[in-house]
């Protein structure tokens with residue numbers, strides 16, 4: 001697009017962009033999916049990395065780190081699953097960088113910039129367990145001595161004992177699992193294809209390997225009842241997770257979920273100003289909007305106001321990280337999402 005603008009060409013022929021002209025929204029043709037990710041050079045010298053190492057975390061998403069010299073890392077793009085709530089940015093397929101390219105980049109960043117921690121933000125790093133093990137083996141063999149976190153959510157149904165062992169040896173200390181619901185009916189309805197019965201064992205094994213486990217959950221799916229939401233809350237509390245967060249469902253454009261919302265409420269949900277994980281602006285569940293927000297706060301209270309939660313944290317993390325974890329993550333989330341009142345508008 002930059003080339004088109006510089007050359008005075010019409011940007012309507014540039015694929016994969018959206019813009020407004022004379023108040024109207026224009027979207028151009030889709031850009032072909034890029035399959036060969038290794039062809040891209042990682043040009044870190046174009047930015048001032050030191051500014052990224054000197055920041056004040058907002059504690060809004062996944063704020064835990066062991067070394068402030070950390071960077072996000074992408075080893076693959078896309079996801080082959082058909083979850084109704086998820087985006088379709090990279091097509092419903094997955095494209096991989098080669099394990100060698102990934103580990104070469106890690107080693108480069110260690111040597112040139114002193115990076116000591118990497119947050120791998122793939123959609124589903126572990127869906128191809130064979131490749132995941134190759135990447136981890138290369139990190140182990142090169143003796144890179146780094147910390148690794150997976151903040152974007154791993155599939156709970158793609159673990160085995162060998163993968164967990166390699167993760168521990170490679171330096172993985174924290175990860176998120178995309179669980180979403182404790183109701184199997186909801187799991188099936190949103191096409192997550194996840195058997196919730198396996199999650200207890202996975203979380204137990206990860207915790208036993210001294211990894212801190214975070215859980216992502218959502219409340220307010222179409223036709224979801226109050227009992228099913230309480231089922232999700234109880235499930236999250238019983239799992240043995242270190243931390244968790246509970247979001248209200250958002251029917252994002254381009255998702256199957258959005259169409260379900262439209263059909264269930266005869267509304268097109270065109271007002272994006274209130275699209276937030278914390279307010280029931282768009283609600284197609286069986287619970288009224290005000291009560292849905294209250295249930296979200298109840299979820300945080302029940303999860304975090306527990307001596308069991310402190311035990312999970314103490315068991316899962318090393319001593320030097322405990323105080324930062326306890327102060328910056330659970331208590332901050334608890335205050336914002338459970339105790340502090342909200343003035344966010346609601347809509348049924």
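Structure notes:
- Within segment 28-42, the set of residues being exposed (fewer than 10 other Cβ atoms within 10 Å of the Cβ) and either modelled with pLDDT of 85 or more or touching a strand residue (DSSP E or B) at 6+ places or on another chain (Cβ under 7 Å) (or both) comprises 32, 39.
- Selected residue (only one of 201, 195, 234, 165 is without any contact (Cβ under 8 Å) to a residue 12 or more places away in the chain and either closer than 27 Å to residue 293 by Cα or out of contact with any helix residue (DSSP H, G or I) (no Cβ under 7 Å at 6 or more places or on another chain) (or both)): 201
- Subset of segment 192-210 [in contact with a strand residue (DSSP E or B) (Cβ under 9 Å, 6 or more places away or on another chain) and within 23 Å of residue 169 (Cβ to Cβ)]: 202, 203, 206, 207, 209, 210
- Residue 99 falls short on exactly one of the conditions (1) exposed (fewer than 15 other Cβ atoms within 10 Å of the Cβ); (2) more than 30 Å from residue 228 (Cα to Cα), and that condition is (1).
- If you go through segment 83-95 and keep only what is under 16 Å from the mean Cα position of the chain (by Cα) and modelled with pLDDT of 90 or more, you end up with 83, 84, 85, 86.
- Verdict on residue 11 being surrounded by 12 or more Cβ atoms within 10 Å (Cβ to Cβ), without any contact (Cβ under 8 Å) to a residue 24 or more places away in the chain and touching a strand residue (DSSP E or B) at 6+ places or on another chain (Cβ under 9 Å): yes
- With respect to the conditions (1) touching a helix residue (DSSP H, G or I) at 6+ places or on another chain (Cβ under 8 Å); (2) closer than 25 Å to residue 77 by Cα, residue 229 falls short on a single one, namely (2).
- For segment 302-318, the criterion of a residue being modelled with pLDDT of 70 or more and closer than 22 Å to residue 86 by Cα is satisfied by no position.
- For segment 218-238, the criterion of a residue being in a loop (DSSP other than H, G, I, E, B), over 15 Å from residue 285 (Cα atoms) and under 19 Å from the mean Cα position of the chain (by Cα) is satisfied by no position.
- Looking only at residues of segment 44-77 that are at pLDDT below 85 and exposed (fewer than 10 other Cβ atoms within 10 Å of the Cβ), we find that the one that is nearest to residue 109 (Cα to Cα) is 54.
- Scope segment 97-149; condition free of Cβ contacts under 8 Å to residues at least 24 places away in the same chain and in contact with a strand residue (DSSP E or B) (Cβ under 9 Å, 6 or more places away or on another chain); matching residues: none
- Residues in segment 174-190 that are in contact (Cβ under 8 Å) with a residue 12 or more places away in the chain and touching a helix residue (DSSP H, G or I) at 6+ places or on another chain (Cβ under 8 Å): 175, 177, 179, 180, 181, 182, 183, 184, 185, 186, 190.
The values are calculated or read from the model by the stated rules, or taken from the named source; none is laboratory data. Note that the structure is a prediction, hence the values are computed from the model and not measured. FYI the Cβ positions are ideal-geometry reconstructions off the backbone, even for glycines, and counts take in every protein chain you see.
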